[in-house]
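The values are calculated or read from the model by the stated rules, or taken from the named source; none is laboratory data. Computed from a predicted structure; not experimentally measured. Cβ coordinates were reconstructed from backbone atoms using ideal geometry, including for glycine residues, and neighbour counts include every protein chain displayed.
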Amino acid sequence: MKTIGMKQLLVVGLSAAAATAAVGSTHAASTLNVCPNGCAFSQIAPAVAAAKDGDTISVAPGTYAGGFTIDVSVRLAGAGPGRTIISGGGPVITIGEIFAATEPTVSIDGVTITGGVTRSSPESVPCKGKVGVWAAGGGIEVPPSTDFSGGGCNDFGGGATVTITNSLITDNRVAPSDTLPFAGGVAWAFGGGIDTSGSLTLANTTVRNNRVGSASGLSELARFAEGGGIFTGRGDLTISNSAVSGNQAAVSPHGVLADAAGIAFNTDTGGIAGGNFTMSNSLVTNNSATVTSDFAPFNFIPSAGVHIKGGAESAAISNSTISGNTATLTNSAGNASVGHGGLQIDICWPCAVTLSNDAISDNSVSAAATGPTGDADGSSGAGEFGGTLTNVRMTGNRVDVSSAAGNATVNGGASVFDGGTITNSLIGDNSVHVYALRGSVDVSGGGLDVFGPTTLRNSTVSSNTVDANGTSGSARGAGIADIAFPFGPNGPPLGGPLVLQHSSVTGNTLTGTAGLTFQGGGIYLENEPITLTNSLIAQNVPDQCFGC
């Protein structure tokens, strides 16, 4: 996985002006035409080889061979995604060169990028010492620039700056072809549609049905798979009027981690914040992350839809839908742990996070420990995030957690909230189902699990349900749970205070095995204060507010 120690990228701040400054004073920008017959070029690769900075490569309708590299600052313009098709290669298009002193600025418009089969990455040898261990970028690959460490794989600069508009990136696949010889063989897969180490802008573009890891059908060597649709390892990611849909990230049968089947934004730069995530008027739907494992020590799915992590400086999502994403983990040899179905934001605190006019709905999480030992836990169908939320609907999300022999735990059924404000929003009709056939269960927060000072204004938490079944244990807070959890040996506890202003918590229900402890059908508080102003807590089962 591209985390600290695997892909640490140094903030370098390359500007677009620096990336395009190579245009010579004697070169007048020109257009190079590509078409099946009658043009100077019948394929795109020779036109790219002839192009200079500032040129446009105009590609007529037709199907053209992929597998080429763009290393100059050009505009590649097709006739539309249904008419100009670039197919094949592994990746279909590479933009820039690894360890280059400068990287190009490239725009792509009006094309379909498809049929990429990628079994390695430019980073595989310098980072892992072997070809085919690290595979990335089925459709588009943007490698990092200069290696500032003087060798190894620690301090990369940002890659090319890329803008993709009015295009389709579909049916590309990524899977490693080799492994490192420890723990039974380890390998990585990233970015089924796009893998980028540079700033990326998508507008009016669809990224769909791309696959990484065992989902590719190419091999089952990958233990780690991230970014079924998009993986960003450096720079900004800006998405508008676009869709990321039906992408898959999977590892089996010896899987360890699958993350962010839709979008993985991981701009960790060795502890230095870098990169901004912005998405507007877009869809992230029906992406799936799957781990099937007989590998006991560690198995995890952090998120299925969108995961914004690492050293990101900010995240802003508006007028967008994150829906129908699924995270499914089954382990026959040990523990099973699943994070979030829809959206996870775990960036520097208190970095700016805003969500407005969004729907996070019908996402699901499933964790099953099916073996003779092993606990199971899951976090949230909707996701984990904090900051400023305005007019956000978190509805119909689901968590299913079960253990055949151990314990089962859920923290936050619909959403785990890291502190901030929720205004004019709805958290409703989310459900949690927990089963421990021979062990105990522990559930907190069917709607919200509060991990920081949180204020609800003009908002509703309603009709969330928790069904808990086990030999012992408890279920707390079908609507909201606010528990002061310890944060490290010396850090302050994570929890409220919780403030409700002109808000309601109604019709939430805790049910399950007789003999379990059920507390806080509406709200559960444990050593945390609550302030209510013109707010309603009513019609919750079995009680309204425990600890108030």
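Checking the conditions here, which among 325, 331 is outside the structural domain of residue 375 (by TED's automatic domain parsing) and touching a residue at least 60 places away in the same chain (Cβ under 8 Å)?
After applying the criteria, what remains is 325.
Answer with yes or no whether residue 189 is within 14 Å of residue 248 (Cα to Cα) and at pLDDT 90 or above.
yes
Conditions (1) touching a Gly at 6+ places or on another chain (Cβ under 8 Å); (2) closer than 16 Å to residue 44 by Cα; (3) of a type in the set (Val, Ile, Thr); (4) not assigned by TED's automatic domain parsing to the domain that holds residue 146, marked per residue:
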position: 65; (1), (2), (3), (4): yes, yes, no, no
position: 71; (1), (2), (3), (4): yes, yes, no, no
position: 84; (1), (2), (3), (4): yes, yes, yes, no
position: 87; (1), (2), (3), (4): yes, yes, no, no
position: 93; (1), (2), (3), (4): yes, yes, yes, no
position: 101; (1), (2), (3), (4): no, no, no, no
position: 107; (1), (2), (3), (4): no, yes, no, no
position: 113; (1), (2), (3), (4): yes, yes, yes, no
position: 124; (1), (2), (3), (4): yes, no, no, no
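Do we find that residue 177 is part of a loop (DSSP other than H, G, I, E, B) and at pLDDT 95 or above in this structure?
In short, yes.
Tally up the residues in the range 336-389 that are of a type outside the set (A, V, I, L, M, F, W, C), more than 18 Å from residue 413 (Cβ to Cβ), in a strand (DSSP E or B) and within 19 Å of the chain's Cα centre (by Cα), please.
Number of matching residues: 4.
Of all the residues that make up the range 323-338, how many are over 12 Å from residue 405 (Cβ atoms) and out of contact with any Asp or Glu (no Cβ under 7 Å at 6 or more places or on another chain)?
Number satisfying all stated conditions: 7.
Residue 165: more than 21 Å from residue 294 (Cα to Cα) and more than 20 Å from the chain's Cα centre (by Cα), yes or no?
It is true that residue 165 is more than 21 Å from residue 294 (Cα to Cα) and more than 20 Å from the chain's Cα centre (by Cα).
So, in the range 180-206, how many residues would count as being out of contact with any strand residue (DSSP E or B) (no Cβ under 7 Å at 6 or more places or on another chain) and either closer than 20 Å to residue 275 by Cα or not in a loop (DSSP other than H, G, I, E, B) (or both)?
Qualifying residue count for the region: 0.
Report yes if some residue within the range 450-462 is within 24 Å of the chain's Cα centre (by Cα), within 26 Å of residue 366 (Cβ to Cβ) and either not assigned by TED's automatic domain parsing to the domain that holds residue 403 or not basic (Lys, Arg) (or both); otherwise report no.
Scanning the range 450-462 turns up at least one residue that is within 24 Å of the chain's Cα centre (by Cα), within 26 Å of residue 366 (Cβ to Cβ) and either not assigned by TED's automatic domain parsing to the domain that holds residue 403 or not basic (Lys, Arg) (or both).
Anything in the range 355-373 that is over 19 Å from residue 303 (Cβ atoms) and surrounded by fewer than 23 Cβ atoms within 10 Å (Cβ to Cβ)? List them, or say none.
Residues satisfying the conditions are 356, 357, 370, 371, 372, 373.
What do you reckon, is residue 184 in contact (Cβ under 8 Å) with a residue 60 or more places away in the chain, in contact with a His (Cβ under 9 Å, 6 or more places away or on another chain) and in the same structural domain as residue 287 (by TED's automatic domain parsing)?
For residue 184, the condition - in contact (Cβ under 8 Å) with a residue 60 or more places away in the chain, in contact with a His (Cβ under 9 Å, 6 or more places away or on another chain) and in the same structural domain as residue 287 (by TED's automatic domain parsing) - is met.
Check 467, 418 and return the single one that is assigned by TED's automatic domain parsing to the domain that holds residue 378 and at pLDDT below 95.
418
Please specify each residue of the range 102-132 satisfying the condition of being under 14 Å from residue 163 (Cβ atoms), of a type in the set (A, V, I, L, M) and assigned to a loop (DSSP other than H, G, I, E, B).
111, the sole residue that qualifies.
Could you please find all residues in the range 52-101 being in a strand (DSSP E or B), in contact with a Ser or Thr (Cβ under 6 Å, 6 or more places away or on another chain) and touching a residue at least 60 places away in the same chain (Cβ under 8 Å)?
None - no residue of the range 52-101 is in a strand (DSSP E or B), in contact with a Ser or Thr (Cβ under 6 Å, 6 or more places away or on another chain) and touching a residue at least 60 places away in the same chain (Cβ under 8 Å), so the list stays empty.
Being over 22 Å from the mean Cα position of the chain (by Cα) and either part of a loop (DSSP other than H, G, I, E, B) or of a type outside the set (Val, Ile, Thr) (or both) is the filter here, so list the residues in the range 410-430 that pass it.
Selection gives 424, 425, 426, 428, 429.
Inspect the range 248-261 for any residue being among the hydroxyl-bearing types (Ser, Thr, Tyr) and crowded, with 24+ Cβ neighbours inside 10 Å and give the result as yes or no.
So far as the range 248-261 goes, no, none of its residues is among the hydroxyl-bearing types (Ser, Thr, Tyr) and crowded, with 24+ Cβ neighbours inside 10 Å.
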